[in-house]
Amino acid sequence: MSLFQPLNMACPACGALVTVDAVGSVNADRRPDLRDDILANAFQDMTCTACKTSFRLQPNFNYLDAGRGQWIASMPGSRMPHYLEIEDKVTELFDTSYGKDAPPAAQTVGRDLAVRLTFGWPAVREKLLIREHGLDDAVVEMLKLDLLRRLPKAPLAPGVELRLIDVSDTTLMMVWLETASEDVKGDVQVPREMYEGIAEHAEAWAPIRAELENGPFVDMQKLYMGEGRAA
Ligand SMILES: [Zn+2]
């Protein structure tokens, strides 16, 4: 099921009290239109009934796509610094929903699900795009790390991140953006060979992959936030 709940909030523009339908969970198998909305950057866009200003709710929902083998806990971008404790909660939630503590029928579904945790809209959209194009999300994160080493003027700063936004036969299109506002700061066109080069050297990259995959937050930003997870 896809679940929405009415949420009372102040319009960020005029302060009027508005009631919006906030999403709590998305079932993309039954509601493929919601997946399309996420990919179109239009999901949870709201318009204030008083001043007609458009604004977007921050994500805070669980996403299931059994057909494509994806389960994602999509959280607001501002929560990212707390990723370690959120990873633990998300792992527990998955275990009781589709993992080792779930009923047998749910476990059968869960066996084919990749469990991920994302912060902000660009991150959850990126995970859908990666699966759409048959890419490996850990390799995409390793590619970003490789880019940081090569780009002399990477606009890396707190709250600024590198996200994949489109994929063609020859190129991976990435942008630098502010997580909260989604404002784009610059773009990077990455030749697909760079991705393939990392994918082919799995052994050399294995230690980095292990760090990225030590919890459901598979994102290169975890490698430079705080002390990380104890081995
Ligand atoms: Zn308003």
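The values are calculated or read from the model by the stated rules, or taken from the named source; none is laboratory data. Predicted model only: the values in this text are computed from it and were never measured. As a convention, Cβ positions derive from the backbone with ideal geometry for all residues, glycine included, and neighbour counts pool all protein chains shown. Calculation scope for accessible area: heavy atoms of the full protein, side chains included, ligands and nucleic acids excluded. Shrake-Rupley method; radii C 1.70, N 1.55, O 1.52, S 1.80 Å.
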Q) When the stretch 116-158 is examined, which residues are found to be touching a helix residue (DSSP H, G or I) at 6+ places or on another chain (Cβ under 8 Å) and either in the same structural domain as ASP36 (by TED's automatic domain parsing) or assigned to a loop (DSSP other than H, G, I, E, B) (or both)? A) GLY120, LEU135, ASP136, ALA154, LEU156
Q: Would you mind telling me which numbered condition in (1) open to solvent by less than 10 Å² (accessible area, probe 1.4 Å); (2) assigned by TED's automatic domain parsing to the domain that holds PRO12 ILE72 fails?
A: (2)
Q: Could you grab the pairs with beta carbons closer than 9 Å, sequence gap of 6+ or different chains, first residue in the stretch 24-37 and on the phi < 0 side of the Ramachandran plot, second one open to solvent by 10 Å² or more (accessible area, probe 1.4 Å) and hydroxyl-bearing (Ser, Thr, Tyr)?
A: GLY24/SER2; SER25/SER2; VAL26/SER2; ASN27/SER2; ALA28/SER2; ARG30/SER2; ARG31/SER2; LEU34/SER2
Q: Could you pull out the residue among ALA102, ALA123 that is modelled with pLDDT of 95 or more, within 22 Å of ASP219 (Cα to Cα) and touching an Asp or Glu at 6+ places or on another chain (Cβ under 9 Å)?
A: ALA123
Q: Exactly one condition in (1) in a loop (DSSP other than H, G, I, E, B); (2) among the aliphatic types (A, V, I, L, M); (3) within 16 Å of the ligand (Cβ to nearest atom) is not met by LEU7; state its number.
A: (1)
Q | Hits in the stretch 50-59 (condition: away from the ligand (no atom under 14 Å from the Cβ) and either open to solvent by 70 Å² or more (accessible area, probe 1.4 Å) or farther than 16 Å from ALA180 by Cα (or both)) | A | GLN58
Q: Only residues that are surrounded by 13 or more Cβ atoms within 10 Å (Cβ to Cβ), part of a loop (DSSP other than H, G, I, E, B) and within 14 Å of the ligand (Cβ to nearest atom): list them for the stretch 32-49, please.
A: CYS48
Q: Report whether or not SER78 is outside any loop (DSSP other than H, G, I, E, B), among the polar types (S, T, N, Q), away from the ligand (no atom under 16 Å from the Cβ) and touching a strand residue (DSSP E or B) at 6+ places or on another chain (Cβ under 6 Å).
A: no
Q | Options THR171, THR179; residue that is touching an Asp or Glu at 6+ places or on another chain (Cβ under 6 Å), among the hydroxyl-bearing types (Ser, Thr, Tyr) and open to solvent by less than 40 Å² (accessible area, probe 1.4 Å) | A | THR179
Q) Considering the stretch 56-104 alone, what residues qualify as being over 12 Å from the mean Cα position of the chain (by Cα) and among the β-branched types (Val, Ile, Thr)? A) ILE86, VAL90, THR91, THR96
Q) Taking the stretch 98-142 only, how many residues are open to solvent by 40 Å² or more (accessible area, probe 1.4 Å) and over 17 Å from LEU164 (Cβ atoms)? A) 11
(Q) Within the stretch 10-22, take every residue that is of a type outside the set (A, V, I, L, M) and open to solvent by 30 Å² or more (accessible area, probe 1.4 Å) and give me the one that is nearest to the ligand (Cβ to nearest atom). (A) CYS14
